[in-house]
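Notes follow once the structure below has been shown.
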Amino acid sequence: MAYAAPIFAFEVRFWITMLLLVFALVLEGVALVHAITQRGEAFAAIGTLPKGAWVAILAVCLLLTVLTQSVLGLFGLIGIAAALIYLLDVRVGLRELRDGRGSSW
């Protein structure tokens with residue numbers, strides 16, 4: 001009976017890690033697909049890195065996350081950060097450029 005807690009703890013840790021890995025892969029995949037489907041001129045118009053740079057960064061991050069299968073490692077955290085920066089900053093700028101709204105500040 002005393003050994004049930006460590007076994008349960010390892011199983012919970014495994015499932016939490018798997019959920020985080022799936023979340024990271026989906027997040028990085030969505031960011032990569034969005035970057036691929038955008039026009040190259042739009043990236044220059046909003047003053048960010050070129051389309052090729054974003055696609056390369058996101059593709060390498062996704063590849064490293066798949067190969068290492070670690071979200072809490074260095075490459076996993078860098079991949080999540082890159083995807084979040086793209087989705088929360090660049091994607092919003094591209095959407096505002098497409099919709100013609102301009103800056104909301």
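Laboratory data are not the source of any read-out in this text; all were calculated from the coordinates shown. Computed from a prediction, not measured in an experiment: that's the story for all the values here. Every residue, glycine as well, gets a Cβ built from its backbone with ideal geometry; the counts of neighbours run over all protein chains shown.
In whole Hz and in residue order, list the ³J(HN,Hα) couplings for segment 58-71 that follow from phi through the Karplus curve 6.51 cos²θ - 1.76 cosθ + 1.60, θ = phi - 60°; x for Gly and Pro.
5, 5, 5, 4, 5, 4, 5, 5, 5, 5, 7, 6, 10, 8
Remind me, relative contact order of segment 21-63 in percent, using alpha carbon pairs under 8 angstrom and six or more residues apart? Could the numbers behind the result be given before it?
On the way: 23 pairs, mean separation 19.3, N = 43.
Relative contact order for segment 21-63 comes out at 45 percent.
With +1 on each Lys and Arg Cβ and -1 on each Asp and Glu Cβ, how big is the dipole of segment 15-105 about its Cα centre, in debye rounded to the nearest 20? List each step's numbers first, then the result.
Numbers: 6 positive and 5 negative charges, 30 e Å.
Dipole magnitude for segment 15-105 comes out near 140 debye.
Mind giving me the nanometre distance, one decimal, between the label points for V12 and V26, set 7 Å out from Cα along Cα→Cβ?
Inter-label distance under the simple model: 2.3 nm.
Of [x] 29.7, 87; [y] 14.5, 45; [z] 17.9, 65, which one was derived for Rg and Dmax of the Cα atoms in Å from the structure shown?
Calculated Rg and Dmax of the Cα atoms in Å: the matching label is [z].
To the nearest 0.05, what FRET efficiency results for Q69 and D99 with a Förster distance of 41 Å applied to their C-beta separation? Don't skip to the answer; put the middle values down first.
Details: r = 38 Å, r/R0 = 0.93.
Plugging the Cβ-Cβ distance into 1/(1 + (r/R0)^6) gives 0.60.
Let me have the relative contact order for the chain, percent, based on Cα pairs under 8 Å that are six or more residues apart. The partial results should precede the final answer.
Numbers: 74 pairs, mean separation 30.3, N = 105.
Here the relative contact order equals 29 percent.
May I ask you to sort D99, D89 by Cβ crowding, counting other Cβ atoms within 10 Å and putting the fewest first? Mind showing how you got there, number by number?
Working: D99 8, D89 12.
Fewest-to-most ranking of D99, D89: D99, D89.
Quick check: pseudo-label points 7 Å beyond the Cα along Cα→Cβ at L19 and A42, how many nm apart are they?
The two pseudo-label positions are separated by 3.3 nm.
Select from R39, R13, R91 the residue whose mean-square fluctuation is largest in a Gaussian network model of the chain (Cα-Cα springs shorter than 10 Å).
In this elastic network of the chain, the residue with the biggest mean-square fluctuation among R39, R13, R91 is R13.
Applying the Karplus parametrisation 6.51 cos²θ - 1.76 cosθ + 1.60 with θ = phi - 60° to the phi angles of segment 78-88, what ³J(HN,Hα) value in whole Hz is obtained for each residue in order, glycine and proline being reported as x?
5, x, 5, 5, 5, 5, 5, 4, 5, 5, 8
Spelling out what I want: for every residue of segment 19-27, take phi, set θ = phi - 60°, compute 6.51 cos²θ - 1.76 cosθ + 1.60 (Karplus), and round to whole Hz; glycine and proline get x.
So the J values, rounded to whole Hz, are 5, 5, 5, 5, 4, 5, 5, 5, 4.
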